[in-house]
Amino acid sequence: MARIGLVVNPAAGRDIRRLTGGASVVDNYAKRRVAECVLEGMTLVDAPLHVSMMPDKTGITDYVVREAPNSISIESVDMTVEGSATDTRRAAEQFREHTDAVVVLGGDGTSRDVALELADVPLISVSTGTNNVVPTPVDGTVAGAAAAVVAANLVDVESVTDRHGRIDAVADDVNGEKQLTGLATVEIIDRPFIGTRAVVDPTELLGGVVSRAHPSDIGLGSVAGCIESLSPDTPGGIALRLGNPKTASQTVRAIVAPGMTTTIGVEDHDVLSWNEPAHFEVADGVVGADGERELELTDATVEMTPMADGPRLVDIKSALSAATDADVLVRDEASVTDR
């Protein structure tokens, strides 16, 4: 039986950036409906499926498990729930050993927490967060169908998945060495404390490294993408050093948060190869990953390096096209049943 992991982050898409930018908030009812659609999409195939779903304190998982289609075997993962990112990582750790594919509903931060634990397990990330650079803006039903054909090995998994890069950061400050990994971005923020974690004020960004860049991205990836696009499957990354737009060598108008655009000054822009580090000096600031502040630093040197061995992401359209080519979506009329 094919096994699929499902993560729904109740906190995703509700942080202060959406409030300050005037963007819509993704509430838990919306996440519950997307999760229901994911399960319905899995019924597109006849292969027997078992779904393990991360539990939560808001009742999303309890409802989805109770209302799941009859043809889907589903259970809540047996684990302690803390109501923090630890839940995501703990569930993903179990999925690494016991699933054939994973669907995650959240933003870049949730996708990162899952991806760093999954190793080689194929991942479908559906955007229900605030920073949605890695997650795909796709209907949950479509995501569920793609997860099913991949998990059941009905298509050539290698041909419908791509490796996404990652960025490894090592910071050495007065308190010793600290490490951090990002999927889309690792950024330096001119702020002495973590606070609400979300990077709200774009004028606080000093620079960083991105593994992908496009004007349609959110945050530092949008800034880099306004100068030069970098697709997710292109080797390497881009390092940026930002400055005052009034004195910088060039400026861009970028999407820095949902509902928020601003003019950013760019002092330096370097294209990096895999394993080629960029170095930054931080007197007093914070290093963040994928739009969330993580490490407080004082008198630090930070090395950021784009790496090739990030998560294995499912190309949803390719997966379903391959299913069509393999005739796995066609059934003899006599075998069709009400699922």
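The values are calculated or read from the model by the stated rules, or taken from the named source; none is laboratory data. Fair warning: this is a prediction, and the values are worked out from it, not measured in the lab. Backbone-built Cβ (ideal geometry, glycine too); neighbour counts: all protein chains shown. The accessibility values were calculated without ligands, DNA or RNA, using every heavy atom of the protein model including side chains. Shrake-Rupley method; radii C 1.70, N 1.55, O 1.52, S 1.80 Å.
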Single residue of Val302, Val287, Val266 found to be free of Cβ contacts under 8 Å to residues at least 60 places away in the same chain, assigned to a strand (DSSP E or B) and either of a type in the set (A, V, I, L, M, F, W, C) or open to solvent by less than 60 Å² (accessible area, probe 1.4 Å) (or both) | Val266
Would the range 127-134 turn up any residue that is farther than 27 Å from His214 by Cβ and open to solvent by less than 50 Å² (accessible area, probe 1.4 Å)?
-> no
Could you tell me whether any residue of the range 42-57 is open to solvent by 30 Å² or more (accessible area, probe 1.4 Å) and among the charged types (D, E, K, R)?
-> yes
Do we have Gly195 as at positive phi and modelled with pLDDT of 95 or more here?
-> no
Answer yes or no: is there a residue in the range 216-227 that is in a loop (DSSP other than H, G, I, E, B), open to solvent by 50 Å² or more (accessible area, probe 1.4 Å) and at pLDDT 95 or above.
-> yes
Among the residues of the range 135-150, count how many are open to solvent by 10 Å² or more (accessible area, probe 1.4 Å) and in contact with a Gly (Cβ under 9 Å, 6 or more places away or on another chain).
-> 3
Scan the range 144-188 for residues that are farther than 15 Å from Arg312 by Cα, of a type outside the set (Ser, Thr, Tyr) and touching a Lys or Arg at 6+ places or on another chain (Cβ under 6 Å) and jot them down.
-> Ala171
Quick one: in the range 100-120, which of the residues that are of a type outside the set (D, E, K, R) and surrounded by fewer than 23 Cβ atoms within 10 Å (Cβ to Cβ) is nearest to Ala12 (Cα to Cα)?
-> Leu116
Please give the number of the condition Val252 fails out of (1) in contact (Cβ under 8 Å) with a residue 12 or more places away in the chain; (2) open to solvent by 40 Å² or more (accessible area, probe 1.4 Å); (3) not small (Gly, Ala, Ser).
-> (2)
Counted residues, the range 238-274 - those being under 15 Å from Gly225 (Cβ atoms) and touching a Leu at 6+ places or on another chain (Cβ under 7 Å) | 7
Within the range 123-181, considering residues that are under 12 Å from the mean Cα position of the chain (by Cα) and free of Cβ contacts under 8 Å to residues at least 40 places away in the same chain, the one farthest from Ala322 (Cα to Cα) = Ser127
From the residues in the range 308-334 that are farther than 16 Å from Val155 by Cα and open to solvent by less than 20 Å² (accessible area, probe 1.4 Å), which one is farthest from the chain's Cα centre (by Cα)?
-> Gly310
Run down Glu67, Glu82, Glu93 and say which single residue is closer than 27 Å to Val157 by Cα, open to solvent by 20 Å² or more (accessible area, probe 1.4 Å) and without any contact (Cβ under 8 Å) to a residue 40 or more places away in the chain.
-> Glu93
